[in-house]
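Read-outs: derived from the displayed coordinates by stated rules, not from any lab. Every value quoted in this text rests on a predicted model; they were computed, and no experiment measured them. Neighbour counts are summed over all protein chains in view; Cβ atoms, including those assigned to glycine, are modelled from backbone coordinates with ideal geometry.
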Amino acid sequence: MTETLKVTLEKRAGLAVIYTEGYINNQGGEEIARVAYEQIDAGEKALVLNLQGTKIVNSIGISILIEIIEKMLEIDGTLSFCCLTPTIEKTFHIMGLSQYAKIFPDEASAITELTA
């Protein structure tokens, strides 16, 4: 797959939402990491990764997401995921990402809980 990942960012009160559209592979994962690390460097401690536009995540993409989770844990921050396909959600549970990052069914519930 050579599909390029499109990443966009929206700042909300107290958190940043990163939107993805496309395939999360090594290049896509690196783009997500770049945006996430910029937010961390700017002092953001809560990130939501909205994967509504993503249908496939490969193992390298998952390993990069794990690196972002580790970085968030280092700063006592939180990375949460929302709008996952059933397959991606199952994969995240199997790979253990759900032990260190919350998974929400939709963006509204993620924002409500994280800004409460």
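Here are the numbers for the structure shown:
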| quantity | calculated |
| --- | --- |
| In sequence order, calculated HN-Hα J values of region 53-63 (Karplus, 6.51, -1.76, 1.60; Hz; x Gly/Pro) | x, 10, 10, 9, 10, 8, 5, 5, x, 5, 4 |
| Leading residue at positive end of dipole, the chain (Cβ point charges), from V17, N58, G29 | N58 |
| Separation between Cα centres of region 44-116 and region 1-34, rounded to whole Å | 12 Å |
| Which of T91, T4, T54 has the fewest Cβ neighbours within 10 Å, and the rest in rising order | T4, T91, T54 |
| Full-extension gain in nm, E70 to Y100, via 0.36 nm per residue minus C-alpha separation | 9.9 nm |
| Translational D in µm²/s for the chain (Stokes-Einstein at 4 °C, 1.567 mPa s, Kirkwood Rh from C-alpha pairs) | 94 µm²/s |
